[in-house]
Amino acid sequence: MSFSLLGLSQSLLKAVQQLGYTSPYPIQQQAIPAVLKGNDVLGIAQTGSGKTAAFALPILELLQKKTTARNRFVTCLVLVPTRELAMQVEETFYNLSLHLPQRIKILAVFGGVSINPQMMKLSGTDVLVATPGRLLDLVEHNAVKLSEVEILVLDEADKMLNLGFKEEMDRIFKLLPARRQNLLFSATLGGDVETIVTTQLHNPVTITVEAEASVPELIDQVAYQVAPEKKGPLLRYLIKQENMEQVLVFASSIRTADNIVGKLKKNGVEAAALHGDKSQGARTEALKQFKAGKIRVLVATDLASRGIDIKFLPYVINYELPRSPKDYVHRIGRTGRAEASGKAISLITPEDAHHFKIIQKKMGRQVPILATDELDLQGL
Ligand code: AMP
């Protein structure tokens, strides 16, 4: 599945590509066409599912066809429970809107900071991302008008209700025009969320996505800090040192995958590459040999690896990190299944350090990072 099949314009596809999104997540596949058609949407999805882009992309597309916001009248209102989420949603909208021919003004407002600068910035805002309390303050100050909102998004509705925003939300609903498009996202359904769905949404298209794959308990994760030029020798060292008989290595490009395979073979380690440039026949054959234990190392790109139907692998190595934390979890989830334990190793260059921190934060696990200065990589 490609983003280009979802009905989005070229300028949005370009932004998506620059963010490194290669294919749409399930919630995006389903929500984007529904929102573009003008339907109300009920999305049962968690953070990490890609829900922000699932509503931001089609909203930006729709806004291109609408007249821009007048003065204090916002066209799209996104209600969120927290300041952090407000900033994240604003950033996603902003990044996705970068190449649009018509400029879309996006602003996040939230409590806990002074209201004046927000009031001054509000004029001409098309997409307002707001926490409920601060939004009502701004309405009271006459800084924003909600009577021309065409699209309402309730993001993390269950959390908003849990934080006690029910009354504020009800007051906001009364300020909105009756005719509008409504998108509601929530990790859970029930109680007050259900009431909002029945009173505010009209025949919503309902989309449910499974909770994000979590990291299996039995995976032993470790990372090695390494200079870029030492990655190849370190990989060969680890394969030999740990006597790995079956290991899946991830590379981010076809070229790197081929290079890794070439070097391994030169060093007497049986290896094959699995990527988009290989014919289906070659891929099937490589996989067959890998499963049969005739090839010790399979080097794959993320895309090609989706077709690998091996139930359990003892070792996964990230020669390069994936851009998205979700892909990281996918990759390492190929080991440590069922009752068997597995090991996931990542090679981290100084440039990757920050990104690896983000991955660890998203996954909610700390990974020990080992130094490699003491290792004897000579002759590898
Ligand atoms: P969200 O659930 O909206 O908070 O998104 C979770 C993470 O997934 C964010 O870091 C996004 O940048 C990332 N993301 C969203 N959609 C995609 C996609 N189609 N491919 C790769 N990463 C994505």
Taking only the alpha-carbon positions of the stretch 219-370 and ignoring solvent, what does the Debye formula give for the base-10 log of I(q)/I(0) at q = 0.09 Å⁻¹?
-0.25
With label points built 7 Å along Cα→Cβ from the Cα atoms of residue 194 and residue 291, find their separation and express it in nm.
4.5 nm
Check the straight Cα-Cα distances from residue 51 and name the lysines below 21 Å, setting aside those fewer than 8 residues away within the same chain.
14, 37, 105, 159, 326, 361, 362
Report, in debye and to the nearest 20, how large the dipole of the chain comes out about its Cα centre when Lys and Arg carry +1 and Asp and Glu carry -1 on their Cβ.
920 debye
When ranked by the protection proxy of mean other Cβ atoms within 10 Å per residue, highest first, what sequence do the peptides 313-323, 345-355 form?
313-323, 345-355
Could you calculate the FRET efficiency of residue 37 with residue 99 from 1/(1 + (r/R0)^6), where r is the beta carbon distance between them and R0 is 25 Å, rounded to 0.05?
0.60
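Can you give the Rg to Rh ratio of the chain, both from alpha-carbon atoms, with Rh computed by the Kirkwood formula? The partial results should precede the final answer.
Details: Rg = 24.2 Å, Rh = 23.0 Å.
Here the Rg-to-Rh quotient is 1.05.
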May I ask you to derive the relative contact order of the chain, considering only C-alpha pairs under 8 Å and at least 6 residues apart, and to give it as an integer percent?
17 percent
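Would you tally the net charge around residue 164, using a Cβ to Cβ cut-off of less than 13 Å, leaving residue 164 out, and scoring K and R as +1, D and E as -1?
On the way: positive: 159, 166; negative: 158, 167, 168, 170, 192.
Computed value for this residue: -3.
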Computed over the stretch 3-208, the relative contact order (Cα-Cα under 8 Å, seq sep at least six) in percent reads 29 percent
Could you give the dipole magnitude of the stretch 219-370 about its Cα centre, charging the beta-carbon of Lys and Arg +1 and that of Asp and Glu -1, in debye to the nearest 20?
100 debye
Taking only Cα atoms, what is the 0 to 90° angle, nearest 10, from helix 83-97's long axis to the longest principal axis of the chain?
80 degrees
In whole angstrom, note down how far apart the Cα centers of the stretch 258-337 and the stretch 156-200 are.
45 Å
Quick one: which of 222-235, 105-118 comes out on top by average Cβ neighbours within 10 Å, and what's the full order, highest first?
222-235, 105-118
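Pulled fully out, how much extra length does the chain show between residue 18 and residue 113, if you take 0.36 nm times their separation in residues and subtract their Cα-Cα distance?
Values: separation 95, 0.36 × 95 = 34.20 nm, distance 3.22 nm.
31.0 nm is the gain from fully extending residue 18 to residue 113.
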Counting other beta carbons within 10 Å of each residue's own, what order do 121, 174, 361, 159 fall into, fewest first?
174, 361, 121, 159
For the stretch 3-208, build the charge dipole from Cβ charges (+1 Lys, Arg; -1 Asp, Glu) around the Cα centre, then report which of 81, 193, 100 sits farthest towards its positive end.
100
Projected onto their principal axes, the Cα atoms of the stretch 5-151 stretch, largest extent first, over whole-Å spans of 44, 31, 28
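A short reminder: the numbers here are calculations on the coordinates, not readings from a lab. Only a predicted model underlies this, so the values are computations on that prediction, with no experimental measurement involved. Every residue, glycine as well, gets a Cβ built from its backbone with ideal geometry; the counts of neighbours run over all protein chains shown.
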